[in-house]
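Heads up, the thing below is written out as structure tokens.
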Amino acid sequence: MNGPALLNLRGVARSFGAVQALKPLDLEVHAGEVHAIVGENGAGKSTLLKLVAGVLRPDAGVISIHGQTQRFSGPKAARRAGIALLPQEVEVPENMTAADCIALGREKRGGWWRQRRAEVAEAQRVLALVHAQFAADTPVEQLSIGARQQLLLARALAEDAKLLVLDEPTSALSAREAEQLMLLVESLRARGAGILFISHRLPEVLRLADRVTVLRDGERVAEFARATCSAAGLVAAMVGRNLPAPQTRALAQHDTLLQVRGLRTAAHAAHSVDFDMKRGEIVALSGLVGSGRTEILRSVFGADMSRAGNVAINGVTIVPGSPLHSTRAGFAFVPEDRRADGIFDGFSVENNLGMSSVQSSAGAWWRSPARERQNAQRVAADAGIAATRLAVAAETLSGGNQQKVMLARWLTKSPTLLLLDEPTRGIDVAARAEIHALLLRLAAAGTSVLFASSEMEEVLHLADRVLVLHEGRLAGTLERADLNEERLLALATGAHAA
Amino acid sequence: MNPERQRILGIFGLLVMVVGITAALNPDFLGAYNLGNILRWTALFGVLSLGAALVIMTGGIDLSLGSMAGLAGALLPWLLRVHGWPAWAAMMLLLAGCALLGLLHGVLVTRLRLAPFVVTLCGLLIYRGAARTITSEQVIGYGVEHEQLRLLATGSVFGIPAPLLLLVGVALLTHLFLARSVAGRWLLATGRNPAAARLCGVPTNSMITLAYVLCAMLAGLGGMLFSLDLNSVTPAQFGQSYELYAIAAAVLGGCSLRGGEGTVLGVLIGTAVIRVLYNATNLLGIPTQLEFAIIGGVILLGVTADELLRRLRQSRSAL
Amino acid sequence: MNPERQRILGIFGLLVMVVGITAALNPDFLGAYNLGNILRWTALFGVLSLGAALVIMTGGIDLSLGSMAGLAGALLPWLLRVHGWPAWAAMMLLLAGCALLGLLHGVLVTRLRLAPFVVTLCGLLIYRGAARTITSEQVIGYGVEHEQLRLLATGSVFGIPAPLLLLVGVALLTHLFLARSVAGRWLLATGRNPAAARLCGVPTNSMITLAYVLCAMLAGLGGMLFSLDLNSVTPAQFGQSYELYAIAAAVLGGCSLRGGEGTVLGVLIGTAVIRVLYNATNLLGIPTQLEFAIIGGVILLGVTADELLRRLRQSRSAL
Amino acid sequence: GDGSSSEITVGFVSNGVDPFWTIAGAGAAEGAREFSVKAISRFPNEGIADQQRIVEDLIAMGVKGIAISPIDPVNQRGFLDATAQRCALITQDSDAVGSKRICYVGMDNYSAGRMCGALVREALPQGGEVMIFIGRIEQENARRRRQGAIDEILGRSHDPDRFDPPGQALTAGPFTIIDTRTDGFDKARAKANVEDALARHAELDAVVGLFAYNVPACMEALRGAGKLGVIKVIGFDEAEECLAGIAAGTVVGTVVQNPFEYGRQSVRILAGLARGDRSVLPKDNILSVPARVIRKAEVDDFRKQVRAHLEAGR
Ligand SMILES: Nc1ncnc2c1ncn2[C@@H]1O[C@H](COP(=O)(O)OP(=O)(O)OP(=O)(O)O)[C@@H](O)[C@H]1O
Ligand SMILES: Nc1ncnc2c1ncn2[C@@H]1O[C@H](COP(=O)(O)OP(=O)(O)OP(=O)(O)O)[C@@H](O)[C@H]1O
Ligand SMILES: [Mg+2]
Ligand SMILES: [Mg+2]
């Protein structure tokens, strides 16, 4: 590769108060190259991408495009220089349609006025590129996280950018959509675009990346070219050791705990779902983006008002639409959207961790700060959250670490039924292994776990049983013995019914 | 049906109900004279409500609107009669001044990240003091020389009150701005999710500032129209608590104080509801001391009924 | 330093500055008589501000607070003198009535999902109307029989104004509630992120309702104290626009209208700033018509300076 | 505080903010010059609490005397007595009978109201339907002013303590007073109230505006309805439009007080008291500054006088 690189970073650094998120770093991305960034949660990956995309300003260092030094005043300036960003946290203004969202900030104009038709046509084109299952005029409000991720990806594509900056673009996508995304990235690379890419899914990295930079604590600890890259090597560089082999375990043999009968959700009112769960059983909900996994989890927990059907635990019916009642009955729920439904911005990590258990941690009325601190420290250790960061505001944690907080907050209570929606979304490989081990321990201790996951490996590794959904219908149930990737995909895509 | 339409329909239903009941109880209500009055008042207050709505749509609030209207309304006759300015120059100057003050609000809110409530509350106090000081607390009217100018507020064209025509113009522009212009889309996106909008490359700060500027100008325009209509301005009181009416009309008409929501039509209907209620209590001879209670009660019942009906419909359609 | 402390320090700095300047310009300011007055007024308004703050912390707003205070303040002498009730019974009844109205606000806001602004604006209108109607618009006072009772507001213990003692009690309870009780934590969490709080099993609806109930009761208590202090209640006017002062004090003291933020100490200092400013403009002989402008200007300058200083410190500590 | 501690300071406190009080303030300033004291005029904007606060602040500043227009003389008695302990206290514009105030400067609102009522009878010799518009009726001066007008129109006996609650029509002889509407000092409401009255009562013969701004509001509403000059307007106080209306013949007449004298005389008395001169006190401790009726004949002279007063205040 000759000539100045498409993107060139020299000594770029950034800190937040006392935390040095990114130490001075050099990095290049060439046209027609996929450069992957991997590292543990909080390693500084997102910070790096935000600096490149003009969302944050560097404390030091120079960013240049095609050899020309850039000083971005904001995301808009970066976009003008040909950089498109898909951020890690999929936040969109919800008061518009998908087409509006794709056009936002870069509207087709005739003078001051918008040109709606042109915008819609463009939206349809790019939504087709990402194989989105929703129409251009769908209100964004109605889109699931996965669909929003596709939407923002389509937005990034619409820019026709020289450099695409993708922060965990597949974290909320299931296998099929992720595959489609990878094909798309490959075709963009073939057309000469440069791509900067973060993922915690190592197979994706291995398949796509021409070069991989490994960050740890804001520093580059290794760089691999495509030829020299291996999963084991990446993991070793990321976490500084080899991961233990995943455990296996015996199937649970217990009495029935949960009964779900005739469950009907608002988004898929045509189909009803029935299933049972045993004590200590781990059941996965699998399906494509928009297949209704989230809806079922929320309905079982009672997060949404509207539901038809009956959910009973130990034969006692759970009041619909009342998380209060569900939590009292021993339910715990980790929602999919950590920004909107999980994290209390401005509260400390410690307070966030204590939120689901302020009451049980001290008598009925008064809190006990000492007990709360102890509990927080314990569960933080269990979930791999650095004890030094318990006092910082929760929203300043990296995405993966916020995810850990959401999970960890339930560990003080040892729930009867743990409901998890994409539990390891954005969590690094090492921490994921720890969380998996944690879930298995909980199950062994009698907690039942119902989780939805887009990650095939996670489903295959954890589940005793998998409920496969297709467009809101229970397409089939796979016991552990019959479980394999092909069967799962076939059911999820509606290729055949089991 | 989309929720925006539903909201508009709900508040329109309330309007129809109040109009219907009042007309049934007192036939004078539908007389041309009374309708003309209602339309004129709705038009005057509507200008302010639209301004309030724009700021609310960005997730802010403008409490200074009543004082701003008072300032412009008091300075117009003062410029005309005490300083002999020509009408067009005085109005231009005042509009420009209001725009400047709105700009200041916007800058304080966006650049210094001060709370809109605090900034505009200070505005409320300051502009009131300014109006009183500049005019030395003198009540000023337009005298007889400015009958022509006063037609802007008191005249009518083919029986349509002039301020209504003005309002229709302003409302159409605002509607086009919100529904069709690039900036309008940006403004709504900013109100709903400022962080996301900024990531999308929307100049969120400029949009918020723009809203404050427009609101201040509309407040100024409204204030001048009010003062032309009333022909007598007491600087200490003129426009007092109009911000509450304006914000109430906007919220009643479907703007959420969390930002990112609202329609021009809704806001106009919201304004009309409040005006009609005032008129109705008078026409039905309800004792003044009960008036407030009746107006509050009807609005509360109206929004409650609207909400209950919506739920009923939803639960029907869900089954 | 944590941001909460920083905010409190910022507003405290403003208070110290205003006190310092006024005392330097007019030595009478620090006289015992004047300080006693300031403390008494701060205490009376402080009760209302704490109520407003609680609702703001849940992300809501209570505009009915001034009318609620007016209603309780007007009905207390009415019950005592027109109906001959014993004082304790009248006060209990009124507090219970206020709590009931607060409960109604809470239910409308949480169950029917009506906008707090609309619900409490209607409350503002309705309670004002109710106070005027029930008392037939008669100005009413306590006469001579209730001198004892009036000591609650006008008396003093070892030179400390009685209402200040009351305020300290209320403030301590509120502080304990927010900082130490489970419900207090839930209330703040609800304001911060209602969706997340609900999914954590927090009874968000009850918390919001609780805030409205407490606010209404504090408004009622404040209103009764005000009326005991003034000994003359004009039903149409008593307590008018106190909600603005209360909300302003709360916001100035660090409550964000987005909810989930705020401290009792901050709110009290915020209230004191406003009262001291009113007192200072008088003592410095600033013309009445400029009074408002000065108060608004000082608050605006204060918060601006606070913000700029904070930035300066931040950029220093970052280096 | 301007440092010269030997200077005598007196306070002049109104019951609200109004041009009426601006003129009174001008009178107080004139009095201060004339009797070489310093006068501080304060206009509470927010009712009783504000008035009480202002008085407390004046005392804290060490004024030697205060002239106040109490908003609620009956119930404010305790407060007025407490104030009288700390400095010389006189009332003006509105009296507090039975309190420890030293004397009263002003007129009797009930009598002035009756003068206003007489103007109505004069304008409608055949009788007719009348409506009254006023800012508020709970405050003492407003209540008495309205009652005076009503009693005179209906030809009743002299009884300042009578009270007819609004909301019901009062009829006596050929006159009917349909209602009294209040607007809480909101100018737009004041006008809308008149318009709504016109819409409801086509047969209305006269409207009475009892607060200064009510008169222009009545005139504007009538002009809009094309009934200016047809329906009689009777005013109170000296709003500029009202005087212009009298000159033009669209307003029958108005009853004016003499706020300038309230201010000047109050300061004169307070200055004397501060210097230990009790001879400044009027007989019976009431200094009557009578109200006047202004009709077309007197209007020109009166306007000149008002202008002169305002100039004097600058
Ligand atoms: N706004 C902020 N304020 C303070 N600290 C921050 C802020 N944003 C990020 N940090 C800190 O900077 C460090 C790097 O964060 P970053 O988001 O870049 O991590 P990451 O590598 O993307 O992690 P993940 O895989 O979890 O997304 C973390 O320690 C984080 O807590
Ligand atoms: N409030 C809503 N109104 C209408 N449709 C909705 C609403 N919420 C979700 N949907 C639709 O319901 C379908 C199922 O969504 P759900 O979030 O349950 O899917 P999912 O399988 O969890 O997908 P993902 O992996 O993307 O989260 C989606 O097509 C979504 O667009
Ligand atoms: Mg990240
Ligand atoms: Mg999902």
- For helix A:145-158, report the angle its Cα long axis makes with the longest principal axis of the Cα atoms of chain A; keep it between 0 and 90° and round to the nearest 10°. 10 degrees
- How high is the relative contact order of the stretch C:31-306, in percent, with contacts defined as C-alpha pairs under 8 Å that are six or more residues apart? 37 percent
- Within 10 Å of the Cβ of an average residue in A:12-18, the count of other chain Cβ atoms is 1
- Note on the structure: With C:SER232 itself left out, Lys, Arg at +1 and Asp, Glu at -1 over residues whose Cβ is under 12 Å from its Cβ give -2
- Which value, in debye to the nearest 20, gives the size of the charge dipole of the stretch A:256-492 about its Cα centre, when Lys and Arg are +1 and Asp and Glu are -1 at the Cβ? 840 debye
- Query: What order do you get for A:433-446, A:393-406, C:91-104, B:236-249 when each peptide is scored by the mean count of other beta carbon atoms within 10 Å, highest first?
  - Reply: B:236-249, A:393-406, C:91-104, A:433-446
- Item | Student exercise, the stretch C:31-306 dipole from Lys, Arg, Asp, Glu Cβ charges, in Debye to nearest 20 | 660 debye
- For A:THR256 and C:ARG81, extending 7 Å from Cα along the Cα-Cβ vector and measuring point to point gives, in nm, a value of 7.3 nm
- Query: Please identify the chymotrypsin sites (Phe, Trp or Tyr not before Pro) of the stretch C:103-188 that satisfy two criteria: DSSP loop assignment and at most 11 other Cβ atoms within 10 Å. Which are they?
  - Reply: C:PHE158
- Give the relative contact order (percent, whole number) for the stretch A:5-239; include only Cα pairs under 8 Å separated by 6+ residues. 28 percent
- Here the equivalent ellipsoid of chain A, derived from its Cα gyration tensor, has semi-axes (largest first, whole Å) of 37, 27, 22
- Set the Förster radius R0 to 25 Å, insert the Cβ-Cβ distance between C:VAL144 and C:LEU30 as r into 1/(1 + (r/R0)^6), and round the FRET efficiency to 0.05. 0.15
- Greater than 21 Å apart at Cα, pairs in D:LYS191/D:LYS304; A:LYS278/A:LYS413; D:LYS232/D:LYS296; A:LYS76/A:LYS404: D:LYS191/D:LYS304; A:LYS76/A:LYS404
- Query: Taking square-rooted eigenvalues a ≥ b ≥ c of the alpha carbon gyration tensor, is the stretch D:107-192 rounded, prolate or oblate, where a/c under 1.5 means rounded and, failing that, a/b exceeding b/c means prolate?
  - Reply: oblate
- For residues of D:235-243, the mean tally of beta carbons on other chains within 10 Å: 2
- Query: List the GluC sites (Glu not before Pro) in the stretch C:110-183 that DSSP assigns to loop (not H, G, I, E or B) and whose Cβ has at most 11 other Cβ atoms within 10 Å. Which are they?
  - Reply: C:GLU145
- Task: Quickly work out the A:ARG125-to-C:SER156 label distance, labels modelled 7 Å from Cα along the C-beta direction, and quote it in nm with one decimal.
- Result: 7.9 nm
- Based on DSSP H runs of at least 4 residues, each adding -39500 (n - 2.57), what is the mean residue ellipticity at 222 nm of chain A after dividing by all its residues, to the nearest 500 deg cm²/dmol? -9500 deg cm²/dmol
- Query: Label-to-label distances across copies for B:VAL168, with labels 7 Å out along Cα→Cβ, in nm, shortest first?
  - Reply: 6.6
- Hey, if you put +1 on the Cβ of every Lys and Arg and -1 on every Asp and Glu Cβ in chain C, which of C:ILE134, C:GLN289, C:LEU14 ends up farthest toward the positive end of that dipole? C:LEU14
- Note on the structure: Answer in debye to the nearest 20: the dipole magnitude of the protein assembly as shown about its Cα centre, from +1 Lys/Arg and -1 Asp/Glu charges placed on Cβ, is 2040 debye
- Message: Along the Cα→Cβ direction, 7 angstrom out, place labels at D:GLN126 and C:SER315. What is the inter-label distance in nm?
- Response: 8.1 nm
- Item | Total formal charge among the other residues, if their Cβ is under 12 angstrom from that of D:GLU240, Lys/Arg +1 and Asp/Glu -1 | 0
- Message: Could you give each residue of the stretch D:263-269 its phi-based ³J(HN,Hα) in whole Hz, using Karplus coefficients 6.51, -1.76, 1.60 with θ = phi - 60°, and x for Gly or Pro?
- Response: x, 5, 5, 4, 5, 4, 5
- Query: Can you work out the FRET efficiency for the pair A:ALA445 and B:TRP88, with r the C-beta to C-beta distance and R0 = 60 Å, to the nearest 0.05?
  - Reply: 0.15
- Partner shielding of D:136-145, as the mean number of partner chain Cβ atoms within 10 Å, equals 3
- Cα to Cα, under 26 Å, and not fewer than 8 places away if on the same chain: which lysines meet these conditions relative to D:LYS38? D:LYS64, D:LYS100, D:LYS283
- One decimal, nm, nearest first: from C:GLY13 to the same residue in each other copy, label points 7 Å out along Cα→Cβ, the values are 5.3
- Message: Can you compute 3J(HN,Hα) from phi for each residue in the stretch D:208-221, using the Karplus curve 6.51 cos²θ - 1.76 cosθ + 1.60 with θ = phi - 60°, rounded to whole Hz and x for Gly and Pro?
- Response: 10, x, 9, 10, 3, 6, 5, 5, x, 4, 4, 4, 5, 5
- Query: With point charges of +1 on the Cβ of Lys and Arg and -1 on the Cβ of Asp and Glu, referenced to the Cα centre of the protein assembly as shown, which listed residue (D:LEU243, D:ALA169, C:CYS215) lies farthest in the positive direction of the dipole?
  - Reply: C:CYS215
- For the protein assembly as shown, with the dipole built from +1 on Lys and Arg beta-carbon atoms and -1 on Asp and Glu ones, taken about the Cα centre, which of D:VAL233, A:ALA13, B:LEU54 lies farthest toward the positive end? A:ALA13
- Message: Neighbour counts of other C-beta atoms within 10 Å: give me D:SER288, D:SER36 arranged from fewest to most.
- Response: D:SER36, D:SER288
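Need one word for the stretch B:123-240: rounded, prolate or oblate. Basis is the Cα gyration tensor (sqrt eigenvalues a ≥ b ≥ c); a/c below 1.5 gives rounded, then a/b vs b/c decides.
oblate
So for chain A, averaging the separation of alpha carbon pairs under 8 Å that are six or more residues apart and normalising by length, what relative contact order in percent results?
Relative contact order comes out at 15 percent.
Calculate, for D:GLU46 and D:ALA82, the FRET efficiency according to 1/(1 + (r/R0)^6) with r their C-beta to C-beta distance and R0 25 Å; round to the nearest 0.05.
Given R0 = 25 Å and the Cβ-Cβ separation, E is 0.75.
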- Item | Amide H contacts of A:ALA452 (H built 1.01 Å from N, under 5 Å, at least 5 apart or other chain) | A:LEU285, A:LEU420, A:ASP421, A:GLU422
- In degrees, nearest ten, helix D:140-153 long axis to first principal axis of chain D (Cα): 40 degrees
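No lab work stands behind these numbers, since they all come straight from the coordinates. Values in this document were obtained by computation on a predicted structure and should not be read as measured data. Quick reminder, even Gly has a Cβ in these numbers, built from the backbone with ideal geometry, and neighbours come from all protein chains shown.
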